[in-house]
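Asks: Sharing a structure with you now.
The values are calculated or read from the model by the stated rules, or taken from the named source; none is laboratory data. Quantities reported herein were computed from a predicted structural model and do not represent experimental measurements. So basically every Cβ, Gly included, is an ideal-geometry build from the backbone, and we count neighbours across all protein chains shown.
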Amino acid sequence: MTVLELRQTSKTYGAGPTEVPALRHVDLSVDEGELVAVMGPSGSGKSTLLTIAGSLEEPTSGEVLVCGRALSGMSRNERSRLRRRVIGYVFQDFNLLAGLTAVENVSLPVELDGTSIKAARDLGMRALDELGLADRATRFPDELSGGERQRVAIARAVVGDRQLLLADEPSGALDSNNGDAVMRLIRSACQRGVAGVVVTHDAQLASWADRVVFLRDGRIVDQTLPPAGPESLLAPSGNP
């Protein structure tokens, strides 16, 4: 099943002499279980593509469908429900709630969707443990390092039964080991059937993807297989 589809999607900021085209007639489909990496130079439209795919912005023209439903036909409440139940989003600035602990931040979307507090916290702890953060679960965001906050944001995006995961530079504040741990968690979510779109400038992290999409000046200029398949990275270090 196709989870995300962009059809001739364009986005323009400003008007007249200040007009800036961020996306130009983009066609992109991502199926369940597929991980797509989006690469391109600064200003190529990568982050705009994610915000439009996640219903955080509306395109100037074209159509966006999530799980077969057109975003343009949804009310504001329906879009909010979609983001809470279906879409996991990892922002560059993390967007953690300062008054909640790490595990409370991770489990909050699941709680809001009706899961009991205990069950949601169990899911949150499991996601934090996968990222080596079980011992930081009761810390507040301002007690965590930048890399730890990044991993908490990743855990929040993958917890529960999301169908679409959108991540903007998810390893930007991490060293290579923690970056691989993050991509392993994202890849694991895709193996459960989640469709993933990850913006990254790191070719090593893009090698976890099934497909790499290259943007330039708001257009998709190429799509290719990653230089090394993700299967080669799924084995623990030192194993074949």
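Asks: Any idea which of (1) surrounded by fewer than 24 Cβ atoms within 10 Å (Cβ to Cβ); (2) within 22 Å of V66 (Cα to Cα); (3) at pLDDT 90 or above is the one R216 doesn't satisfy?
Replies: (2)
Asks: Select, from L123, L131, L165, the only residue that is in contact with a helix residue (DSSP H, G or I) (Cβ under 7 Å, 6 or more places away or on another chain), farther than 19 Å from G196 by Cα, in contact (Cβ under 8 Å) with a residue 24 or more places away in the chain and among the hydrophobic types (A, V, I, L, M, F, W, C). Don't jump to the end; show me each part of the working.
Replies: Numbers: L131 fails: farther than 19 Å from G196 by Cα; L165 fails: farther than 19 Å from G196 by Cα.
Just one listed residue meets the conditions, L123.
Asks: Do you know which residues across region 88-114 are polar (S, T, N, Q) and under 22 Å from G196 (Cβ atoms)? Give the steps one after another, and end with the answer.
Replies: First, pick out the residues of region 88-114 that are polar (S, T, N, Q): 92, 95, 101, 105, 107.
Q92, N95, N105, S107, listed by residue number.
A quick yes/no check of all residues on (1) touching an Asp or Glu at 6+ places or on another chain (Cβ under 8 Å); (2) at negative phi; (3) of a type in the set (K, R); (4) modelled with pLDDT under 95:
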site: V3; (1), (2), (3), (4): yes, yes, no, no
site: T9; (1), (2), (3), (4): yes, yes, no, no
site: V20; (1), (2), (3), (4): no, yes, no, yes
site: V26; (1), (2), (3), (4): no, yes, no, no
site: S29; (1), (2), (3), (4): yes, yes, no, no
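Asks: Ok, one more. Filter region 141-158 down to the residues that are buried (at least 16 other Cβ atoms within 10 Å of the Cβ) and either more than 22 Å from A206 (Cα to Cα) or touching a Cys at 6+ places or on another chain (Cβ under 8 Å) (or both) and list them by number.
Replies: P141, L144
Asks: Please indicate, with yes or no, whether at least one residue in region 167-180 is surrounded by fewer than 22 Cβ atoms within 10 Å (Cβ to Cβ), touching a strand residue (DSSP E or B) at 6+ places or on another chain (Cβ under 8 Å) and under 25 Å from L56 (Cα atoms).
Replies: Checking region 167-180: at least one residue is surrounded by fewer than 22 Cβ atoms within 10 Å (Cβ to Cβ), touching a strand residue (DSSP E or B) at 6+ places or on another chain (Cβ under 8 Å) and under 25 Å from L56 (Cα atoms).
Asks: For region 98-155, enumerate the residues that are farther than 22 Å from S171 by Cβ and in contact with a Pro (Cβ under 7 Å, 6 or more places away or on another chain).
Replies: Correct list: A98 only.
Asks: Something else now. Return the residue satisfying two criteria in turn: it lies in region 1-40 and is over 18 Å from A209 (Cα atoms) and of a type in the set (S, T, N, Q), and of such residues it is surrounded by the fewest Cβ atoms within 10 Å (Cβ to Cβ).
Replies: For region 1-40, the residue satisfying everything is T18.
Asks: Need the failing condition index for F94 against (1) farther than 30 Å from D135 by Cα; (2) of a type in the set (F, W, Y); (3) in contact (Cβ under 8 Å) with a residue 12 or more places away in the chain, just the number.
Replies: (1)
Asks: Scan region 76-99 for residues that are on the phi > 0 side of the Ramachandran plot and aromatic (F, W, Y) and report the count.
Replies: Step one: of region 76-99, the residues on the phi > 0 side of the Ramachandran plot are 94-95.
Right, trim to aromatic (F, W, Y) and you get 94.
Final tally of qualifying residues: 1.
Asks: Residue under question is E130, and the condition is that it be at pLDDT below 90, surrounded by fewer than 23 Cβ atoms within 10 Å (Cβ to Cβ) and in contact with a strand residue (DSSP E or B) (Cβ under 9 Å, 6 or more places away or on another chain); does it hold? It would help to see each step written out before you state the result.
Replies: Numbers: at pLDDT below 90: yes; surrounded by fewer than 23 Cβ atoms within 10 Å (Cβ to Cβ): yes; in contact with a strand residue (DSSP E or B) (Cβ under 9 Å, 6 or more places away or on another chain): no.
It is false that E130 is at pLDDT below 90, surrounded by fewer than 23 Cβ atoms within 10 Å (Cβ to Cβ) and in contact with a strand residue (DSSP E or B) (Cβ under 9 Å, 6 or more places away or on another chain).
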